[in-house]
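Written out below as C-alpha cells is the structure these notes cover.
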Amino acid sequence: MTILSKEAINDGYYYFVNGRRFNARARYILPSDEGESVRLLEQHFCFKILPPVKPQLDEGIQVLDSACGYGAHWTTDIAKEYPNSRFLGVDISDGFPVEDIAPSNTTFALGNIAIKIPLPDNTLGFVFQRFLIGALSSEEWNSNLKEIHRVLKPGGFVELLEYNLEVYNAGPLLETFTERMFQGFKNAGLVADISIQLNDRLKKIGFVGFVTTVQDFPLNNSHNGEANWRSLGGSFRGMGSLLAKVYTEWEDRGIYKEYMDNVEKELIEYKSYVKIYTVYAQKP
Ligand SMILES: C[S@@+](CC[C@H](N)C(=O)[O-])C[C@H]1O[C@@H](n2cnc3c(N)ncnc32)[C@H](O)[C@@H]1O
C-alpha cells in the first residue's frame, strides 16, 4: 500500500524556490503550501456544484477526494453537507485540516494516486478528482484512472474536473504565455490537453454512462471573471520557476510578475476565456 507515513516526510520530501514549498517526489508543478491553499479555497467556490450523486450521498456512501489539495477544501465542505457519508482525502503533500476543525466524517492520508490509492478493491460509492492537469504524465493518468476504477464498487461513480488550457480570444501577451506554458508542460512530461482525453481514457478502462459538461470560464472579464482569474492566474503565477528553466528572463521574479500583471490587464480588453470539462461516469 502506498500510504506515506508522516515519517516519510523528511528533508528531501519538499524543496523551496523563492519561499514557495514544492513536492520533490511528485511531477506536480505548483507549490504545496498555505499560499496555495488560499488560491485553492477561492477556486473551490468558483467551481462548487452539487455532486451528481446527491441521493447516494444523502443516504450514506464512502467517498474519495483524490488529490484533495492543501486544506482539502472540497472534502471538508462537502463532508459537512452530507453527514451520513464518509470522506477520505488523499494527497501526495501534507496540509490536511487538523483534527479539531475537520468534520468527524473525514479522514486523510498521504498517498500517490498515480501509483496506488490506499484502499481495497470495490470500496467506494463516489470518487471526486479535480485539477490534476499539472501533475501526471500520460502513463500516470492511465494508472490513476485504473486505480479509481479498482477502488469503486460496481455501480459507483467518478467525477473528474479539468481545465482546458487552450485560451479563446487571447491577446498577444497571453498567447505568448500559453505557448511557453504548453512547452513547459511538455518538458515536464505532462498532458496539457487531458480534459479532452478523459472520456476516451475512461471508456478504455471500462467506465460507462458518460455525462460531459463543458463550461466557459471568463478570465478577469464578465461575471465571476476576477475570481476566476485569481484561481487560474494564481496557478500561472505559480509556474514561474518551471518556465524560467527555459525562458530565463523569467528567472527574475519582478519581470515575471510584471508580465503576468500585464496579462491581467489585457484580459479585460480581449475578453479571454478558457473552458472547463466535467466528466461523470459509472463503473458497471
Ligand atoms: C491543483 S491542486 C487541486 C487540489 C484539489 N483537488 C482542489 O480541487 O482543490 C492539485 C493537487 O494534486 C496533488 N498531487 C499532485 N500529484 C499527485 C499524486 N501523484 N498523488 C497524489 N496527489 C497529487 C498536489 O499535491 C495538489 O494538492
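The values are calculated or read from the model by the stated rules, or taken from the named source; none is laboratory data. Treat the numbers as computed from the prediction; the structure is a model and nothing was measured. Here the Cβ positions follow ideal geometry from the backbone for every residue, glycine too, while neighbour counts run over all protein chains shown.
Points worth noting:
- Residues being over 20 Å from the mean Cα position of the chain (by Cα) and either exposed (fewer than 15 other Cβ atoms within 10 Å of the Cβ) or near the ligand (Cβ under 8 Å from one of its atoms) (or both) are entirely absent from the range 41-53.
- Residue list for the range 64-77, restricted to those being in a strand (DSSP E or B) and either more than 15 Å from the ligand (Cβ to nearest atom) or of a type in the set (Val, Ile, Thr) (or both): none
- Search result, residues across the range 110-120 that are surrounded by 19 or more Cβ atoms within 10 Å (Cβ to Cβ) and farther than 19 Å from Phe157 by Cα: Leu110, Gly111, Asn112
- Thr123 vs. criteria surrounded by 15 or more Cβ atoms within 10 Å (Cβ to Cβ) and farther than 28 Å from Gly35 by Cα: yes
- Qualifying residue in the range 174-193 (condition: surrounded by fewer than 19 Cβ atoms within 10 Å (Cβ to Cβ), without any contact (Cβ under 8 Å) to a residue 24 or more places away in the chain, among the hydrophobic types (A, V, I, L, M, F, W, C) and under 26 Å from Asn144 (Cβ atoms)): yes
- For the range 164-177, a residue qualifies if it is under 14 Å from Gly134 (Cβ atoms) and either modelled with pLDDT of 95 or more or out of contact with any helix residue (DSSP H, G or I) (no Cβ under 7 Å at 6 or more places or on another chain) (or both), and exactly one does: Asn164.
One line per residue, one yes/no per condition, for (1) near the ligand (Cβ under 9 Å from one of its atoms); (2) among the charged types (D, E, K, R):
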residue: Ala24; (1), (2): no, no
residue: Leu30; (1), (2): yes, no
residue: Arg39; (1), (2): yes, yes
residue: Ala79; (1), (2): no, no
residue: Ile92; (1), (2): yes, no
residue: Gly95; (1), (2): yes, no
residue: Thr107; (1), (2): no, no
residue: Ile113; (1), (2): yes, no
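- Test result for Asp100, among the charged types (D, E, K, R), over 17 Å from Leu198 (Cβ atoms), more than 10 Å from the ligand (Cβ to nearest atom) and modelled with pLDDT of 95 or more: no
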